[in-house]
Amino acid sequence: MEDSDSTVHSMLLPNPAARSRYKQLLTELWCNSPHERLDGLTPWQVYHSRGGPRRISQLFPLSGGADESTRALRESELDVLPRLDVRMLDSFHRSGGILNLFLDRPTEGDDPFWPKLLQRVPSPDDLPERVERTRAWRSLCREWNSSASVVFSGLSPAQVVAGGGPREAALLDGLAQHLEAVFQQHDSHQSAGELAFSAAMALRQWQLMPQVALEGSRPDQVIRQERDQILAAKLDWLAKQA
């Protein structure tokens, strides 16, 4: 995003789908990163405060019609709310972060876990009381939201909805350097499909490599930990605003 608090990143991206996800990811990271002009709060926190949308628009204005798509994307990201007891279908429309950057966007039909959970939906005979059925349904939603998902590269839907933050943003340059080195080793005449596959494999390799800069942790571990922290912080913030 273009403001004085932003960091400019450059990355080789294999196709338009990856470019779309990357733009959404940068917006997501901006929403979840503290800004000096917001007294150390994140745009998401300020947006979900009294008078927040106007304050965001005043402090981070976008210019002209050329930025309409950027404006819509930013507002879409700021609007997303985590709710643990409701199935977070917004997860299918988020970037999925670094770990999903080179994958096709999943749909609800790609998810094998929810149909299994539905088999445990109690019948009216088993739970005749409506309150009990509602409680059981919400329990299934919480389980789905918090479970690592194959369609999100091991992130849970809740982690996807929470979004990434400063630590995930700091990993982008390292990933970019890794991808550049990998692409230099490949035939420049690869098809679009081959390039996308090479990028996905390079990302998979990079995310599982322990790094000295991360005190021996792997990028995927750092990303999951930060997203859990962001989720907890957002839920706490919403509770305080209620």
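The values are calculated or read from the model by the stated rules, or taken from the named source; none is laboratory data. Just so we're clear, the structure is a prediction, and the values are computed from it rather than from any experiment. Cβ placement follows ideal geometry from the backbone for every residue including glycine, while neighbour counts extend to all protein chains displayed. Please note that ligands, DNA and RNA were not included when accessible areas were found on the heavy atoms of the full protein model with its side chains. Shrake-Rupley method; radii C 1.70, N 1.55, O 1.52, S 1.80 Å.
Values computed for the structure shown
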quantity	calculated
Rg to Rh, two decimals, where the stretch 133-242 supplies the alpha carbon set and Rh follows Kirkwood	1.09
Kyte-Doolittle mean at least 0.0, axial Cα span of 15 Å or more - DSSP H helices of the chain	166-184, 192-207
Cβ-placed point charges (K, R +1; D, E -1), dipole of the stretch 116-210 about Cα centre in debye, nearest 20	460
Solvent-free Debye scattering, log10 I(q)/I(0), computed from the Cα coordinates of the stretch 29-68 at q = 0.17, 0.35 Å⁻¹	-0.44, -1.17
Cα-centred dipole magnitude for the chain, charges only on beta-carbon of K, R (+1) and D, E (-1), debye, nearest 20	580
Rounded accessible area per residue of the chain, 1.4 Å, Å²	54
The chain - Kirkwood radius from inverse mean 1/r over Cα pairs (Å)	19.5
Trypsin sites (Lys or Arg not before Pro) restricted to DSSP loop in the stretch 9-77 with at most 12 other C-beta within 10 Å	R50
Using distinct alpha-carbon pairs, which all enter the 1/r mean, Kirkwood radius of the stretch 50-108 in Å	13.9
Dipole magnitude of the stretch 111-153 about its Cα centre (Cβ charges: Lys, Arg +1; Asp, Glu -1), debye to nearest 20	120
Within the chain, helix-based [θ] at 222 nm, where runs of 4 or more DSSP H residues each add -39,500 (n - 2.57), nearest 500	-16500 deg cm²/dmol
Hz values of 3J(HN,Hα) by residue in the stretch 107-114 - Karplus curve (6.51, -1.76, 1.60), Gly and Pro given as x	10, 4, x, 7, 7, x, 7, 4
Added length on full extension, which subtracts the Cα-Cα distance from 0.36 nm per residue, D110 to E132	5.0 nm
